[in-house]
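Novice: This is the structure I want to talk about, given as structure tokens.
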Amino acid sequence: TAPAHSQQPAKPDYNPISTGSSSAARVNATFVTLARNGDLWDLVQSIRSVEDRFNRNYNYDWVFLNDVDFDDEFKTLTTALVSGKTHYGKIPKEHWSYPDFIDQKKAQEAREEMGRKKIIYGDSESYRHMCRYESGFFFRHELMQQYEFYWRVEPSIELFCDLPFDPFRFMKENDKKYSFVISLQEYIETIPTLWDSVRKFMTEHPEHLAEGNALKFVSDDGGVTFNKCHFWSNFEIGNLEWLRGKEYMAFFESLDQDGGFFYERWGDAPVHSIAASLLLKKEQIHFFDEIAYFHVPFTHCPTTESMRLDLRCTCKPQDNFDWRGYSCTSRWFEINNMPKPPGAEDQG
Ligand code: GDP
Ligand code: MN
């Protein structure tokens with residue numbers, strides 16, 4: 001028993017999720033990676049990690065998308081590494097260019113100004129097309145149409161633990177639509193007017209807001225202001241039908257019209273996160289503690305030691321970002337009345 005002064009909440013040891021490990025009951029799902037040919041060598045490392053820790057037992061497909069054609073070296077090597085079928089798609093020009101309502105001169109001035117202010121990717125045109133594509137288009141690519149769930153993988157990521165169950169199947173069986181492993185506060189200079197656009201959408205389309213949503217995750221004052229919390233979208237497992245549905249599409253179209261993908265530098269992470277927090281019931285968003293993950297510069301490493309040992313994790317617990325100041329995962333636990341694991345409160 002813990003001494004009386006202990007602040008540790010009572011929490012049982014790690015109980016593995018059981019969804020069976022049979023690959024016979026696969027879900028209609030795919031990995032998806034947006035990449036340039038030049039990303040190949042950073043990407044192969046990600047693919048090995050995902051295959052070793054999970055997909056070699058399941059053989060899910062992998063879709064690769066690019067704004068130009070993939071070269072043969074890229075296709076040959078990634079096909080050799082992926083245990084499932086691979087598909088390579090070129091993004092249609094209309095999905096990676098300026099819509100006609102965008103003033104391109106104004107967009108260019110915005111890039112120059114944000115470049116002068118040294119805002120990360122502030123001067124980049126391609127990064128803006130990428131963020132807009134991930135926000136509003138990847139799930140509509142013809143290669144993605146046949147699937148129900150996706151898992152987004154970027155170059156240079158790492159998985160640190162064995163995945164003892166199929167997260168796609170977990171999502172399907174539990175009616176989850178969106179999931180995350182790392183959350184944090186957004187760099188506000190990239191999205192100064194994003195919340196104004198969101199508020200306009202909420203006023204114009206109250207019918208699309210879900211009852212029992214996770215508004216509290218993204219706003220501390222009932223929707224007046226954005227608290228900058230978002231799920232980090234370089235990792236996502238999500239439901240494609242949700243993204244293709246009328247609520248999300250109305251949300252994206254409304255934001256897109258306001259121009260902030262080009263006049264500011266809106267990221268797909270806050271866009272997906274705010275959408276999930278407003279348009280889904282909060283139970284439909286899932287935190288995958290078991291998926292230990294790295295994308296520079298942050299790590300999610302499970303706090304519970306027995307979980308790390310059971311899953312043969314190789315992450316360093318001290319690197320875990322979950323309970324640090326700029327993470328929003330504490331907030332996620334609090335708004336869901338989820339007990340934090342022992343050790344969660346000790347980290348600065
Ligand atoms: P960061 O994680 O925000 O630093 O951005 P990344 O450079 O990792 O880009 C996010 C994702 O988009 C990665 O999967 C990249 O491979 C991909 N990406 C970024 N820019 C481009 C681009 O211009 N063309 C293509 N095809 N993919 C891109
Ligand atoms: Mn990245």
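The values are calculated or read from the model by the stated rules, or taken from the named source; none is laboratory data. Everything numeric here is computed off the predicted structure, so don't read it as measured data. All Cβ positions, glycine included, derive from the backbone under ideal geometry; neighbour counts span all protein chains shown. When the accessible area is computed, the model is the full protein with side chains, heavy atoms only, and any ligands, DNA or RNA have been set aside. Shrake-Rupley method; radii C 1.70, N 1.55, O 1.52, S 1.80 Å.
Novice: Could you work out [θ]222 nm for the chain from helices alone, using -39500 (n - 2.57) per DSSP H run of at least four and dividing by all its residues? Round to the nearest 500 deg cm²/dmol.
Specialist: Calculated at 222 nm, the ellipticity per residue is -9500 deg cm²/dmol.
Novice: Okay, next question. What's the local net charge at ALA107, with K and R +1, D and E -1, over the other residues with C-beta under 15 Å away?
Specialist: Around ALA107, the surrounding residues sum to -4.
Novice: If you rank HIS208, HIS272 by how much accessible surface each has, with a 1.4 Å probe, what is the order from largest down?
Specialist: Ranked list, largest accessible area first: HIS208, HIS272.
Novice: Pulled fully out, how much extra length does the chain show between ASP52 and LEU209, if you take 0.36 nm times their separation in residues and subtract their Cα-Cα distance?
Specialist: Stretched fully, the ASP52-LEU209 segment lengthens by 52.6 nm.
Novice: Mean 1/r over all different Cα pairs, inverted: what Kirkwood radius does region 178-314 give, in Å?
Specialist: Result for region 178-314, one decimal place: 15.8 Å.
Novice: Continuing with this model, one more query. Please work out how much length the chain gains when fully extended from ARG199 to ASP42, using 0.36 nm per residue of separation minus the C-alpha to C-alpha distance, in nm with one decimal.
Specialist: So the chain would gain 52.7 nm between ARG199 and ASP42.
Novice: Something else now. Give me, ordered by chain and number, the residues 5 or more places off SER179 or on other chains with an amide H under 5 Å from its own placed amide H.
Specialist: Answer set, sorted by chain and number: ILE237, HIS286.
Novice: Follow-up. Accessible area per residue, 1.4 Å probe, Å², for region 134-205: what's the number?
Specialist: Heavy-atom SASA per residue in region 134-205 reads 35 Å².
Novice: Let me ask something additional. Cα centroids of region 244-272 and region 291-346: how far apart, whole angstrom?
Specialist: Answer, in whole Å: 29.
Novice: For the peptides 151-157, 288-294, what is the packing order when you average, over each peptide's residues, the other Cβ atoms within 10 Å and list the highest mean first?
Specialist: Per-residue Cβ counts within 10 Å, averaged per peptide and sorted highest first, yield 288-294, 151-157.
Novice: Taking all protein chains in place and a 1.4 Å probe, what share, in percent, of the accessible surface of region 94-192 do carbon and sulfur account for?
Specialist: After summing per-atom areas, the C and S share lands at 45 percent.
Novice: Then there is this: Restricting everything to alpha-carbon atoms, can you work out Rg to Rh for the chain with a Kirkwood hydrodynamic radius?
Specialist: In the chain, Rg relative to Rh is 0.96.
Novice: Using a 4.7 Å cut-off between beta carbons, which cysteines in the chain end up with no partner cysteine at all?
Specialist: CYS131
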